[in-house]
Amino acid sequence: MPVQPRPVAFERVAPVVPVRDLASALARYRRLGFTADAYEDGRGYGFVSRGAVELHLTEWAEHDPLRTGAVVYLYVSDADAVHTEWTAADLPGRLTDPADTPYGLREFGYVDPDGTLHRVGSPSLSGTPAAA
């Protein structure tokens with residue numbers, strides 16, 4: 001009888017996000033409450049993490065925020081609390097107000113100077129999807 005292979009478990013993901021200046025990006029993520037460190041060989045690569053969330057940053061000279069930005073969705077326990085924290089950080093970029101969505105999440109967005117859209121969401125405060 002042939003041996004059935006065990007299913008492979010996917011355990012975590014770390015999107016790689018392009019940035020124009022790694023040092024500036026690492027400083028910005030620190031202000032957003034992340035732990036942020038450059039890769040030890042100094043080749044324009046870094047790591048940021050907060051809780052179970054991890055992103056990798058790569059410095060890319062050809063990166064154009066108008067054409068090569070990224071999007072990451074961060075599921076959090078309280079989007080309003082994160083929005084308050086990120087507003088207080090007074091970072092460059094564009095921050096939208098939290099809103100309830102038709103699909104039952106409360107979310108907001110932050111577009112950083114590198115063009116990365118960070119969508120942040122938690123269960124809707126009302127517990128039900130917003131009216132369409």
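Is one or more of the residues making up segment 79-86 surrounded by 13 or more Cβ atoms within 10 Å (Cβ to Cβ), polar (S, T, N, Q) and under 25 Å from residue 122 (Cβ atoms)? No, segment 79-86 contains no residue that is surrounded by 13 or more Cβ atoms within 10 Å (Cβ to Cβ), polar (S, T, N, Q) and under 25 Å from residue 122 (Cβ atoms). Among residues of segment 24-50 that are free of Cβ contacts under 8 Å to residues at least 60 places away in the same chain and more than 24 Å from residue 120 (Cα to Cα), those with a Cβ under 7 angstrom from a residue that is acidic (Asp, Glu) and open to solvent by 70 Å² or more (accessible area, probe 1.4 Å), sequence gap 6+ or separate chain, pair up as 44/59. Return the pair list, or none, for Cβ contacts closer than 7 Å from residues in segment 61-90 that are in contact (Cβ under 8 Å) with a residue 40 or more places away in the chain to residues that are open to solvent by 90 Å² or more (accessible area, probe 1.4 Å), at least 6 apart or on different chains. Hits for this filter: 63/20; 89/31. Please tell me if residue 71 is under 13 Å from the mean Cα position of the chain (by Cα), open to solvent by 70 Å² or more (accessible area, probe 1.4 Å) and within 16 Å of residue 110 (Cα to Cα). It is true that residue 71 is under 13 Å from the mean Cα position of the chain (by Cα), open to solvent by 70 Å² or more (accessible area, probe 1.4 Å) and within 16 Å of residue 110 (Cα to Cα).
All of 52, 25, 36, 88 fail the test of being modelled with pLDDT under 95 and aliphatic (A, V, I, L, M), apart from 52.
The values are calculated or read from the model by the stated rules, or taken from the named source; none is laboratory data. Worth saying up front: this structure is predicted, and the values here are computed from it rather than measured. No Cβ is skipped: glycine too gets one built from the backbone with ideal geometry, and neighbour counts run over all protein chains shown. Calculation scope for accessible area: heavy atoms of the full protein, side chains included, ligands and nucleic acids excluded. Shrake-Rupley method; radii C 1.70, N 1.55, O 1.52, S 1.80 Å.
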